[in-house]
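Remarks on the structure that follows.
The values are calculated or read from the model by the stated rules, or taken from the named source; none is laboratory data. These numbers come from a predicted model, not from an experiment. Here the Cβ positions follow ideal geometry from the backbone for every residue, glycine too, while neighbour counts run over all protein chains shown.
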Amino acid sequence: MSGYEKYISPLSERYAGKDMQYLFSQEHKFRTWRRLWVALAESERELGLNISEEQIEELKAHQDDINYSDAELREREVRHDVMSHIYAYGLQCPKAAPIIHLGATSCYVGDNTDIIIMRDGLELIKKGIVGTLSLLSEFAERYMAQPALAFTHFQPAQPTTVGKRATLWMQDLVMDLEDIEHVSSGLRLLGCKGTTGTQASFLELFSGDHEKCVKLDQLIAEKMGFEGCVAVSGQTYSRKTDTRVLSALAGVAQSAHKFSNDLRLLQHLKEIEEPFERSQVGSSAMAYKRNPMRSERMAGLCNFVMSNVQNAYMTGATQWFERTLDDSSNRRLSIAEGFLAADGILRLYRNIVDGLVVYPRVIEKHLEAELPFMATENILMDAVKAGGDRQKLHERIRQYSMEAGRLIKEEGQPNRLLDLIAADPDFDLDADELRSKLRPSDYVGRAPQQTAEYIESEIRPLLQRYGHYLVKEAEDIEV
């Protein structure tokens, strides 16, 4: 069957990066199973079971040399993936075959592998966040003093700067990074807990020695790079762990969606645009269009990741007692696709920020159109200082503002508020005086300073702490 005759996930074809795809590949999963079987045999030997060094070495010799055809043939017969791979491993390791998977259940390789992959997947997500923060900080520094019209309710409000707005995007990602660090640091392997989590099979293997059962978990955790195993479990680790992980990914999606919404609105205003290649087509019908397709694609993936966490909630809530198997099929989809989609989101985020196009003249034009309204408080104060009646002048400004707004909306005229005020002798201010008060930088408050302070106090130390993630690498992102 050719690739055109079967379903191929767009997460692997279009969105996720190679590193994340490999983490969730069959190759990586089955190699991890074998690493876990080696760790189990080594630990059991160290604790006194009759396992020889020769058997351990045989297992290690074929740890990465997986005979897939043997496993696939066996699975057609027994309908059990773990037993099939134990059988295939045993064909390669005849001396070690009797002790492969000794005392363990399928969840020993299945659940422990899931935890290992999620831990490593979170590392890739952290790398993506840090890379995005690095690009955003460069953008914020470049435009920290560029005045821009700010919005509340998407209505013109007091000005900000382009760089200050970028700090809001960064702050969300910093919180996501903190959440992921917390979740990642709390991950523990399942270890060897047996059929119902009681370690009964291992207690039998170790002739009733409870301390060796405890030590077995510790040894396996150390060999697999973890601080420890969960203290208690059923046959599986608590599926609430998956909820915590997918919730952290959903947080990243939430932040990226906010950014993509802002950018799509800014592109509509023609103030800032996402990258657009010379030969890119925006619309099949309207040749002039420059649709924000990257941001829209990001938003779509974000919706998927945010909704995907519901899978984990449902799966964890409906597990019966020590385990049921209705979690398996769902988790094969929800965990892998959650990570792959989150990776795709962050790759798009970096691609967009790296090529953002800012149009200062358009930004200034929009600001100038609204600035007279925002300057009225200063105008009122100056007129009162010159001897005017504050209440009377306040009412005049309100009336002139309504009239200027009417002329803009009904007749399409430019903002004539300053001309209306200048024509009123009670203000005793000419038009040139009034326009001299319209320096945009006078109305941005501490936005430039806040941007610089935030980058210096929060972002720069963070980038130094995660400097090992910032190794530059070429990213061929299909968009």
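Could you list, in sequence order, all residues of the stretch 212-267 that are polar (S, T, N, Q) and either within 30 Å of R290 (Cα to Cα) or touching a strand residue (DSSP E or B) at 6+ places or on another chain (Cβ under 6 Å) (or both)? Across the stretch 212-267, the qualifying residues are Q254, S255, S260, N261, Q267. Scanning the stretch 57-72 for residues that are of a type in the set (A, V, I, L, M) and surrounded by fewer than 18 Cβ atoms within 10 Å (Cβ to Cβ) returns a single hit, A61. Restricting attention to the stretch 421-463 and to residues that are over 35 Å from the mean Cα position of the chain (by Cα) and of a type in the set (K, R), the residue that is nearest to G405 (Cα to Cα) turns out to be R435.
Just one of the listed residues (L59, L91, L124) is assigned to a helix (DSSP H, G or I), more than 30 Å from T324 (Cα to Cα) and in the same structural domain as R188 (by TED's automatic domain parsing), and it is L124.
Within the stretch 337-396, being over 30 Å from P425 (Cα atoms) and among the small types (G, A, S) holds for G338, A341, A342, G344, G355.
Taking residues in the stretch 170-195 that are under 13 Å from T132 (Cβ atoms), and partners anywhere that are part of a loop (DSSP other than H, G, I, E, B), the pairs with Cβ atoms closer than 9 Å and at least 6 places apart or on different chains are L177/Y466.
Answer yes if at least one residue in the stretch 138-147 is closer than 23 Å to K365 by Cβ, without any contact (Cβ under 8 Å) to a residue 60 or more places away in the chain and within 29 Å of the chain's Cα centre (by Cα), and no otherwise.
Within the stretch 138-147 (the criterion being closer than 23 Å to K365 by Cβ, without any contact (Cβ under 8 Å) to a residue 60 or more places away in the chain and within 29 Å of the chain's Cα centre (by Cα)), the answer is yes, since at least one residue qualifies.
Of the helices (runs of 4 or more DSSP H) contained entirely in the stretch 367-443, those carrying at least 3 residues that are closer than 30 Å to F154 by Cβ fall at 376-385, 390-411, 417-422.
Residue-by-condition table, conditions (1) over 18 Å from I56 (Cα atoms); (2) among the hydroxyl-bearing types (S, T, Y); (3) surrounded by fewer than 22 Cβ atoms within 10 Å (Cβ to Cβ); (4) more than 35 Å from the chain's Cα centre (by Cα):
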| position | (1), (2), (3), (4) |
| --- | --- |
| H80 | yes, no, yes, no |
| H85 | no, no, no, no |
| K95 | no, no, yes, yes |
| L102 | no, no, yes, yes |
| C107 | yes, no, no, no |
| G110 | yes, no, yes, no |
| I117 | yes, no, yes, no |
| D120 | yes, no, yes, no |
| I129 | yes, no, no, no |
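The number of residues in the stretch 152-162 that are in a strand (DSSP E or B), surrounded by fewer than 21 Cβ atoms within 10 Å (Cβ to Cβ) and touching a residue at least 24 places away in the same chain (Cβ under 8 Å) comes to 2.
Yes/no matrix, rows are residues, columns are (1) in contact (Cβ under 8 Å) with a residue 40 or more places away in the chain; (2) surrounded by fewer than 16 Cβ atoms within 10 Å (Cβ to Cβ); (3) not aromatic (F, W, Y):
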position: T376; (1), (2), (3): yes, no, yes
position: K385; (1), (2), (3): no, yes, yes
position: M402; (1), (2), (3): no, yes, yes
position: Q413; (1), (2), (3): no, yes, yes
position: L417; (1), (2), (3): yes, no, yes
position: A422; (1), (2), (3): no, no, yes
position: F427; (1), (2), (3): yes, no, no
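Entry remark, the stretch 210-247: residues being without any contact (Cβ under 8 Å) to a residue 24 or more places away in the chain and farther than 17 Å from T113 by Cα number 5 in total. Within the stretch 314-326, residues that are closer than 16 Å to C107 by Cα and among the polar types (S, T, N, Q) reach partners that are surrounded by 15 or more Cβ atoms within 10 Å (Cβ to Cβ) and at pLDDT 95 or above with beta carbons closer than 9 Å, at six or more positions or on different chains, in the pairs Q319/G234; Q319/T236; Q319/S238; Q319/R239. Could you tell me whether any residue of the stretch 46-56 is of a type in the set (S, T, Y) and modelled with pLDDT under 95? Checking the stretch 46-56: not a single residue is of a type in the set (S, T, Y) and modelled with pLDDT under 95. Residue count for the stretch 332-379 under the criterion of being among the aliphatic types (A, V, I, L, M) and touching a Lys or Arg at 6+ places or on another chain (Cβ under 7 Å): the result is 5. Each residue in the stretch 245-263 was checked for being surrounded by fewer than 19 Cβ atoms within 10 Å (Cβ to Cβ) and either under 28 Å from T105 (Cα atoms) or not small (G, A, S) (or both), and 4 of them qualify. List every residue pair whose Cβ atoms lie under 7 Å apart, where the two residues are 6 or more positions apart in sequence or sit on different chains, the first residue falls within the stretch 19-41 and is over 16 Å from D65 (Cβ atoms), and the second residue, located anywhere, is surrounded by fewer than 19 Cβ atoms within 10 Å (Cβ to Cβ) and among the small types (G, A, S). Hits for this filter: Q21/S12.
Would you tally the residues in the stretch 248-277 being under 12 Å from I352 (Cβ atoms) and among the hydrophobic types (A, V, I, L, M, F, W, C)? Of the residues in the stretch 248-277, 6 are under 12 Å from I352 (Cβ atoms) and among the hydrophobic types (A, V, I, L, M, F, W, C).
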